[in-house]
Amino acid sequence: MSKLLFIRHAETDMAGTFCGRSDPELNTRGQAQLGELISRLRNEEIGVVYTSDLRRAHTTARTIAEAFAVDCCMRPALREIDFGQWDGLTWKEIERRDGVYARRWIADYPSLPAPDGENYRDFERRVLDEVKFLSSEAEAADCRIAVVTHAGVLRTVLCALHGCSEDSAREQTRSYCSVVRHTDAAFHSSAEAGF
């Protein structure tokens, strides 16, 4: 049985920007996505929900927890990477502000952080340590855990633990409320919702 369901939060008005440490609420479309998400999860036996403490994730997680009448636990380690000065900007805005650094960032990814942003290796370590913790929690509780977090977290897990390419990981997590099922052997994505 899959013990961890990784779920990307619902949509905010910052869709299309580098949204890391920013803390927007869900927008109208995101609120509508919650009902569709609960419907997609209805056959799951979720025993507890863990979530990033940022509002977009926590609101999504709280809705799941209420639907399944289970606890919702916040974990700051599930936050998105901090994009520093780029937070809240589109890629076009970033290129206009500093095209030279933007091109360097693409060429050197993931070793070069966004200006004043979180180093990717530190982010990766934080995420993988958290996945290890969550896996042990699921094993100890012998229940399925829903983990509501951010696209960057899901992509990091897909690439670092299961050998997905960046392109494949990006495609699997592109949709808001996409669900990635964790098994010992691999991740199975059910990101077909098309949000």
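The values are calculated or read from the model by the stated rules, or taken from the named source; none is laboratory data. Note that the structure is predicted; figures quoted are calculated from it, not measured. Every residue, glycine as well, gets a Cβ built from its backbone with ideal geometry; the counts of neighbours run over all protein chains shown. SASA here: full protein model, heavy atoms, side chains in, ligands and nucleic acids out. Shrake-Rupley method; radii C 1.70, N 1.55, O 1.52, S 1.80 Å.
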Taking the chain and counting helices only, DSSP H stretches of n ≥ 4 at -39,500 (n - 2.57) each over all residues, the nearest-500 ellipticity at 222 nm comes to -14500 deg cm²/dmol
Rounded to the nearest 10 Å², the accessible area of residue 132 using a 1.4 Å probe with every protein chain kept is 150 Å²
Whole-Hz Karplus couplings 3J(HN,Hα) for the stretch 66-76, θ = phi - 60° and coefficients 6.51, -1.76, 1.60, Gly and Pro as x, run 5, 5, 9, 6, 10, 6, 10, 10, 8, 9, x
Calculating percent of Cα pairs over 20 Å apart from this structure picks out, from (i) 62; (ii) 58; (iii) 53, entry (iii)
The relative contact order of the stretch 1-143, taking Cα pairs under 8 Å that sit 6 or more residues apart, comes to a percentage of 26 percent
In the stretch 1-50, the GluC sites (Glu not before Pro) that sit in a DSSP loop and have at most 10 other Cβ atoms within 10 Å of their own Cβ are 45
Amide H contacts under 5 Å for residue 20, restricted to residues at least 5 apart in sequence or on another chain and with H modeled in the peptide plane, are 83, 88
Rounded to a whole %, the carbon-and-sulfur portion of the accessible area of the chain at a 1.4 Å probe is 47 percent
Per GNM of the chain with C-alpha springs under 10 angstrom, the most fluctuating residue out of 126, 103, 144 is 103
